[in-house]
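**Q** Sharing a structure here in C-alpha cells format.
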Amino acid sequence: MSDNTYGDRLAIREALQQFGRLNQAVSDLSDEADLFAAGFTSHATVNVMLAIEDALGIEFPDELLNRSTFVSIDALAHAVGMSRGER
Amino acid sequence: MSSPEPTWSALRQRLLADGVLAELGEPGMFALGSRFTAVFEALDALYVRTFANLDAEVWRFPPVEPKSVFEKTDYVASFPQLTGSLSVFTGGTAEHAELLKTRASGEDWEGHLEPAGLMMSPAACHPLYAILTGTLPAGGRRFDILGSCFRHEPSPDPMRMQTFRMHEFVHAGNADSAMEHRDETAPRLAAMLDSLGLEVDYVPANDPFFGRTGRIMAASQREAALKYEIVTHVYGPDVAPTAIGSANYHNDHFGTAFGIFDADGDVAHTACLGLGMERTVIALFARHGMDPELWPADVRAVLWAVHG
C-alpha cells in the first residue's frame, strides 16, 4: 500500500494557502479544523479543488463535489484517497 | 407516429398567432406587441404598489456594465455559459476593408471586432453594488431596480428569452436585515401572483452554476438555503413548473466584492427579491388566454383597478 498522505496534505495546505481566502494562516490550522469556520467559502472551494487536482494529477469524482468534502484538511485528504480509488 | 411536440410549442404558436410576440430570427429573441406591453405595464405598476411600503430608492442602469463591475461579481467563474460581452470596431480604413472582404465572402465578420470592455448585465442588481461602495446608514438602504438582463441560453421556449427585464427590490444592510428583507417580501410577492390566478409555489432552489465545480456551488447554495424561487405551472401539471420570481440572500458576497460596509463597520450583507417580467407576463397569457379583455374579472380588477 502506498502512503501518499503526507504529500497529499502538503499539497492541500499549499492550495488552501494560495486560493482558500481563509482569515488565518493555514499553518495555524490543525488537520481537523473546520475550514468554513476559518472563513472558507463555496466560491473559494472551486479554486482550491482545481489546485489540488492539478498538483496531484487527480480528479474528484462527482459524488464528492459537495460541502462536506471541503470541511477540513482531513476530509480533503480522504477525498484525494477516494479519487485514487483507495480506501 | 409523429414525434411528440415540445412542451412549449403550442403556447409559442398562440403567442405569435395573436401578435402578443413576434419573432426576431434568433432563438430567445422576440419583439413584444401591444397586448404584451399593456400587461407588462399593469403588472409592473401592481408590483410597485405592492412594495410601496419599502420606500425604495429608484435606480435604473444601462443594459451593459463595465467589465470592472462584472469582474467583481465573479460571474464568469460561476456562469461562463451565460456570459456575453460587447465587441466594437476599433480599426482604420485598412481594417474596415478587411472586414468588408470577409463579409462579402459570406463569412462571419465579427472576428474583426475587438472586446469593448463592456459586458451584458446578467442580473439587474449587479451594477447597483458598484455605486454602494462605502458605508451604509443605520438600517441599511432599499432599492427599486428595473433592468435588462442578458443570459446566453438560446431556446425557442418563449419562457426562456435571451434578454429580459427583471424588476428587483434590493436591500443592503446587515445579516439580520438582509435575511428579513428576503423573508418578508417573498411571501407578499407570492400572494400578489396568486391574486393574478397563477397558483404559485415557493421552493428552495439553486442557480445553474457551470460544470463540475458548479456542483459544489449549487450544493452549498441549497445547503445554506440562500435561494428560493416562485414557480408556476405554465405547461400544465405534468411538466415541471417554471420560475417567475426569486428571493436571494447573498450573504456578504457583494459586500466583500464591492467594499460595502454597514453602519457598524462590518461587511454589508445583501438580499434581493426579483420578478422576471417577461416570464410573468407570458405565464399570465398562458393561464388566461391571448386576449386580456377576456381575462377573468377578478384578475383584470387587480391589474387594472383605478388607483388614487
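The values are calculated or read from the model by the stated rules, or taken from the named source; none is laboratory data. Computed from a predicted model, the values in this text were never measured in an experiment. Cβ placement follows ideal geometry from the backbone for every residue including glycine, while neighbour counts extend to all protein chains displayed. To get the accessible areas, we keep the full protein, side chains included, count just its heavy atoms, and leave off ligands, DNA and RNA. Shrake-Rupley method; radii C 1.70, N 1.55, O 1.52, S 1.80 Å.
**Q** Within the group B:V281, B:V267, B:V200, B:V239, which residue is over 28 Å from B:P158 (Cα atoms) and of a type in the set (V, I, T)?
**A** From the options B:V281, B:V267, B:V200, B:V239, the qualifying one is B:V267.
**Q** I'm trying to understand the selection: among the residues of region B:123-149, which are assigned to a strand (DSSP E or B) and of a type in the set (F, W, Y)?
**A** B:F143
**Q** A follow-up question, please. Any chance you could count how many residues in region B:68-85 are surrounded by fewer than 16 Cβ atoms within 10 Å (Cβ to Cβ) and more than 14 Å from chain A (Cβ to nearest Cβ)?
**A** 4
**Q** What's the number of the only condition in (1) in contact with a Phe, Trp or Tyr (Cβ under 7 Å, 6 or more places away or on another chain); (2) under 18 Å from B:G276 (Cα atoms) that B:A218 fails to meet?
**A** B:A218 satisfies all of (1) in contact with a Phe, Trp or Tyr (Cβ under 7 Å, 6 or more places away or on another chain); (2) under 18 Å from B:G276 (Cα atoms) except (2).
**Q** Going by the conditions given, is A:R21 basic (K, R), open to solvent by 50 Å² or more (accessible area, probe 1.4 Å) and within 14 Å of chain B (Cβ to nearest Cβ)?
**A** Yes, satisfied.
**Q** In region A:34-47, which residues are more than 10 Å from chain B (Cβ to nearest Cβ), open to solvent by less than 20 Å² (accessible area, probe 1.4 Å) and touching a residue at least 24 places away in the same chain (Cβ under 8 Å)?
**A** Answer for region A:34-47, where residues must be more than 10 Å from chain B (Cβ to nearest Cβ), open to solvent by less than 20 Å² (accessible area, probe 1.4 Å) and touching a residue at least 24 places away in the same chain (Cβ under 8 Å): A:L35, A:F40, A:A44.
**Q** Which pairs turn up if I take residues in region B:72-89 that are within 17 Å of B:T213 (Cβ to Cβ) and look for partners that are open to solvent by 50 Å² or more (accessible area, probe 1.4 Å) with beta carbon separation below 6 Å, at least 6 apart in sequence or on another chain?
**A** That search, which allows pairs on different chains as well, returns B:F79/B:F210; B:P80/B:F210; B:Q81/B:F210; B:L82/B:R151; B:L82/B:H152; B:T83/B:V76.
**Q** Still on this structure, I have one more. Can you name the residue in region B:8-24 that is in a loop (DSSP other than H, G, I, E, B) and at pLDDT 95 or above and is also farthest from the chain's Cα centre (by Cα) among such residues?
**A** Applying the filter and picking the extreme gives B:D18.
**Q** Within region B:242-256, does at least one residue satisfy the condition of being assigned to a helix (DSSP H, G or I), buried (at least 17 other Cβ atoms within 10 Å of the Cβ) and either under 18 Å from the mean Cα position of the chain (by Cα) or away from chain A (no Cβ under 14 Å) (or both)?
**A** Checking region B:242-256: at least one residue is assigned to a helix (DSSP H, G or I), buried (at least 17 other Cβ atoms within 10 Å of the Cβ) and either under 18 Å from the mean Cα position of the chain (by Cα) or away from chain A (no Cβ under 14 Å) (or both).
**Q** Cβ-Cβ under 8 Å, sequence separation 6+ or interchain: first residue in region B:120-134 and on the phi > 0 side of the Ramachandran plot, partner of a type in the set (D, E). Which pairs?
**A** Filtered contacts from region B:120-134: no entries.
**Q** Considering A:A79, A:A11, which residue is crowded, with 18+ Cβ neighbours inside 10 Å, more than 18 Å from B:A77 (Cα to Cα), small (G, A, S) and within 13 Å of another protein chain (Cβ to nearest Cβ)?
**A** Selected residue: A:A79, the only one of A:A79, A:A11 that is crowded, with 18+ Cβ neighbours inside 10 Å, more than 18 Å from B:A77 (Cα to Cα), small (G, A, S) and within 13 Å of another protein chain (Cβ to nearest Cβ).
**Q** Related question: Mind checking which pairs have a first residue in region A:53-75 that is closer than 13 Å to A:L16 by Cα and away from every other protein chain (no Cβ under 11 Å) and a second that is basic (K, R) and crowded, with 17+ Cβ neighbours inside 10 Å, Cβ under 7 Å, 6 or more apart or different chains?
**A** A:I73/A:R13
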